[in-house]
Structure formats: C-alpha cells, structure tokens
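Below: one structure, written as structure tokens.
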Amino acid sequence: MRWTMPVALLLAGCGDANDKGATAGKASVAPAPDAAPAAPPALPEPAPAEDYKPDPALGPPAAPEAGIGSGDKAIPAAIQGRWAIDASDCPKRPGTDLTALVIDAANLRFHESHGELARVRERSATRIVADYKFSGEGMDWDRLMVLSVADGGKTLVRRDHGEGAAPDAMRYMRCRA
C-alpha cells in the first residue's frame, strides 16, 4: 500500500499522445498567433544560421528582384530538395506531409504556404540569406530567412528573422529522392 500512492502520483503527471494538439510539429512560416504554444527545446545548431544579424534599415522588397531564381540569385543546389522536420513525413504525399518543406531555385513550399524568393542578401554554395514573399492560409507576409546545410548536406537549418518569426532555428532532415 505504501508504494501505491507514490506510483499513482507519478503516473498522474503523465499524458499520452492524444494530449498533443493537431498542429504539433507542423512546419510553418505563418506569423505566430498571439497565444502560441511553447516551442520544443532547441537542438544545437551550426554557427552559420546564427551569425547573421539583419540590418533593421533594410526592409523587404516590394516585389521580387530581376533575375531571381537563376545564377547567384537562386537558392543554392545543396539546399534544394525535399526536407522534413519529422522523418515520417518524407514518404507522405503532398497535403499530408505536415512538416515537409520542398525547395527549388526560387521557391519554398510548405504544407499550407508558399514562399517566393524576392531578394538574396548573402549566398554561398551551402547557405543563403534571403527575403521571401509568402502566401498561404488566406494571408500574405514577408520573411527574412537564413537557410544552411550541415552534416554533409543531410541537415537543413532554417532561421527566420523579423516580426512573427520563430524564436529558434528549425532543423530538417533531407528526404530521399
């Protein structure tokens, strides 16, 4: 009997998988709602995503710059492809892959939003700092992002900047083609 009470108290604090909200773990760049749930603990990230400090005097462009999507004004090939925060989303078909992110030379495609490359601020073979024009879920917004690859191209680190941006970097794993 004396062991029953401590065990019961320990078990009372435990939840189950149904306790999580329907959108837990969903990748998004939509502006954060006023009462956003607490973010999961941040994982260690490579320095390249953290070493960029935005110039507050440089606002988002009104429209994508000329030549966007080609040459030095394209998202680097090392970053392009299909990525997911949750590995189980990799094999899912579009529309059911809640944490997937598909990147091409000029676009970021999330589950319910699309970002169009508008201006490249910095670029290397494995990193881009750029402004994007987003739309989705009935809204339009601008977002400054740093995208960089780590772990030999197996990990994508995404860091958002600006109003409504996620406070921590997000890590995606590359999905098999």
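FYI, it's all coordinate maths here, none of it is from the lab. This one's a predicted model, so the numbers in the text were calculated from it and none came from an experiment. As a convention, Cβ positions derive from the backbone with ideal geometry for all residues, glycine included, and neighbour counts pool all protein chains shown.
Looking at Asp140, is it among the acidic types (Asp, Glu) and more than 20 Å from Glu112 (Cα to Cα)? Working first, answer last.
Details: among the acidic types (Asp, Glu): yes; more than 20 Å from Glu112 (Cα to Cα): no.
No.
If you take the residues in the stretch 68-111 that are part of a helix (DSSP H, G or I) and out of contact with any Ser or Thr (no Cβ under 7 Å at 6 or more places or on another chain), which one is surrounded by the fewest Cβ atoms within 10 Å (Cβ to Cβ)? Walk me through it before giving the result.
Residues of the stretch 68-111 part of a helix (DSSP H, G or I): 71-73, 87-89.
Now restrict to residues that are out of contact with any Ser or Thr (no Cβ under 7 Å at 6 or more places or on another chain): 71-73, 87-88.
On the way: Gly71: 10, Asp72: 8, Lys73: 18, Ala87: 10, Ser88: 11.
Restricting to residues being part of a helix (DSSP H, G or I) and out of contact with any Ser or Thr (no Cβ under 7 Å at 6 or more places or on another chain), the top hit is Asp72.
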*How many residues are free of Cβ contacts under 8 Å to residues at least 24 places away in the same chain and out of contact with any strand residue (DSSP E or B) (no Cβ under 6 Å at 6 or more places or on another chain) if we restrict to the stretch 136-154?*
4
